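The values are calculated or read from the model by the stated rules, or taken from the named source; none is laboratory data. The structure displayed is predicted, hence computed values, not measured ones. For neighbour counting, all protein chains shown are included, and Cβ atoms are generated from backbone atoms with ideal geometry for every residue, glycine included. For the accessible areas, the whole protein counts, side chains as well, though only heavy atoms, and no ligand, DNA or RNA atoms are used. Shrake-Rupley method; radii C 1.70, N 1.55, O 1.52, S 1.80 Å.
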Amino acid sequence: MTPRRRADPAVGERIRARRLMRGWSVRYAASRAGVSHATWSRVERGLQATDNRFMLADMASALECAPGDLAGTEVPAPDRATAAARASVLGLRRALVDIDLTEPPAGSAPPVAELARSVALADALHQACDYAGAARLLPVLLRDLHTETAGPDHAEALRLLCDAASIACSVLRSLGHPADAWLGAERCRDAADAAGDPVLRGHAAYAMARSAIACGSYQRGQTLAERAIDDLGRYLSRPGGPEVLGSLHLVAALASRCRRRLDDSRDWLIEAAELARRTGETTTMSMFFGPTNVNIWRMSIEVDDGDPARVVEIARQTDPSAIPADVRQVYYYADTARALTRLGAHDREAIRFLLTAERMAPQHVRTSPEVAATVGVLLNRSRRQAGGTELRGLSERMQTT
């Protein structure tokens with residue numbers, strides 16, 4: 001039996017304060033979130049944990065705020081790199097607003113070959129979870145690519161713009177700015193449509209679906225993914241087609257899970273796994289579709305209200321180093337830690353996985369509401385022999401205490 005997770009009273013206090021600020025009853029707020037009023041009341045009173053990203057997201061949506069506002073992660077950044085990443089959001093947002101393809105670009109830009117190298121660098125920084133580095137590079141790069149779409153190499157410029165906008169979308173989503181990520185996904189779609197490439201359109205649909213889900217628009221994310229799956233099915237002979245299709249199956253699985261349709265979610269995962277057996281491990285479009293990534297997605301989907309023992313079982317059978325990107329490996333370590341925390345009696349191992357995730361991707365871990373909630377649960381029941389000193393150090397770096 002999975003032990004009851006201890007709650008962080010501060011989260012309950014923040015939820016109660018936001019509810020009272022709006023003058024809502026517990027019953028009304030709970031109805032907006034789709035949870036029972038008894039559950040909402042237990043959370044507010046610190047009797048039930050919220051280290052479940054779906055419950056926290058639903059409660060945040062009901063209260064018209066971000067999950068990080070409730071989890072307490074929107075505090076001064078604990079290190080310079082994280083602070084720089086957060087500070088770069090405004091510049092990245094402005095660049096995405098500026099690169100409207102319906103408007104004629106102005107000025108000049110470097111040659112497309114040079115811009116391609118810059119896109120590769122931004123991609124490498126993103127894969128390493130250096131969001132600050134990627135976000136510093138992207139605004140000028142996006143504007144230069146926009147300029148080049150009016151030049152003689154417009155086809156290549158559009159492809160590169162699609163890639164760069166997708167990277168911007170992922171960086172913004174990882175930093176907790178899903179609405180800005182949606183704008184990045186729209187720019188990715190605009191470039192893909194202008195290029196007339198069905199595989200790029202599928203890639204853009206993947207970015208849009210993930211951003212919609214991050215915004216709490218689960219049905220919209222599901223619709224986008226399923227529609228793109230139907231459209232891309234005719235182009236599987238094109239390079240990248242199967243990998244993008246498989247990634248769309250994964251995001252459809254996530255959307256189904258967010259809509260509390262766990263059986264549908266598992267069916268999408270089965271289809272993704274079948275495609276992955278055919279493609280093997282890939283790096284196409286930096287989506288890293290393949291058997292290992294399917295397992296990591298399955299872990300992320302199962303860890304919330306699924307079967308934590310199953311998550312740990314999958315983790316034991318998965319070698320995350322098969323994916324050459326920290327941006328995917330970090331989910332393996334963080335979600336394994338979350339599953340071990342839910343199981344109980346594995347706190348030392350959970351802390352070890354959390355610290356591995358932090359060493360690999362500090363900017364990612366220190367801005368994650370899900371990790372912050374897990375650290376809070378572990379702190380509430382920590383003992384020195386279970387790694388309390390290391391855990392308190394991580395908590396201080398995340399500023400969750």
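Structure notes:
- Short-range pairs are left out: with C-alpha atoms under 8 Å and at least six residues apart, the relative contact order of the chain is 16 percent.
- The residues of the chain expose, per residue, 42 Å² of accessible area to a 1.4 Å probe.
- Rounded to whole numbers, the Karplus 3J(HN,Hα) couplings from phi for segment 166-173 are 5, 5, 4, 4, 5, 4, 5, 5 Hz, using 6.51 cos²θ - 1.76 cosθ + 1.60 with θ = phi - 60°, and x at Gly and Pro.
- Whole-percent carbon and sulfur share, accessible surface of the chain, 1.4 Å: 50 percent
- Helix 9-21 and the longest principal axis of the Cα set of the chain meet at an angle near 70°.
- 3J(HN,Hα) along segment 185-198: 5, 5, 5, 4, 4, 4, 5, 5, 5, 5, 6, x, 9, x Hz, from the Karplus curve 6.51 cos²θ - 1.76 cosθ + 1.60 with θ = phi - 60°, whole Hz, x for Gly and Pro.
- Remark on segment 133-208: Rg and Dmax equal 11.7, 37 Å (Cα only).
- Relative protection proxy for 41-48, 241-248, 357-364, from highest mean packing down: 241-248, 357-364, 41-48 (other beta-carbon atoms within 10 angstrom).
- Placed amide H near Ala325: partners under 5 Å, 5+ positions off or other chain: none
- Projected area averaged over orientations for the chain, convex hull of C-alpha atoms, nm²: 19.0 nm²
- Relative to the longest principal axis of the Cα atoms of the chain, the long axis of helix 241-258 lies at roughly 30 degrees.
- Only the Cβ atoms of Lys and Arg (+1) and of Asp and Glu (-1) were treated as charged; on that basis the dipole of segment 88-139 about its Cα centre amounts to roughly 140 debye.
- When peptides 165-176, 121-132 are ranked by their average number of other Cβ atoms within 10 Å per residue, the highest-first order is 165-176, 121-132.
- Dipole-positive endmost among Ala209, Ala345, Ser118 within the chain (Cβ charges, Cα centre): Ala345
- J(HN,Hα) series, segment 32-44, from Karplus relation 6.51 cos²θ - 1.76 cosθ + 1.60, nearest Hz, glycine and proline x: 5, 8, x, 10, 6, 5, 5, 5, 4, 4, 5, 5, 4
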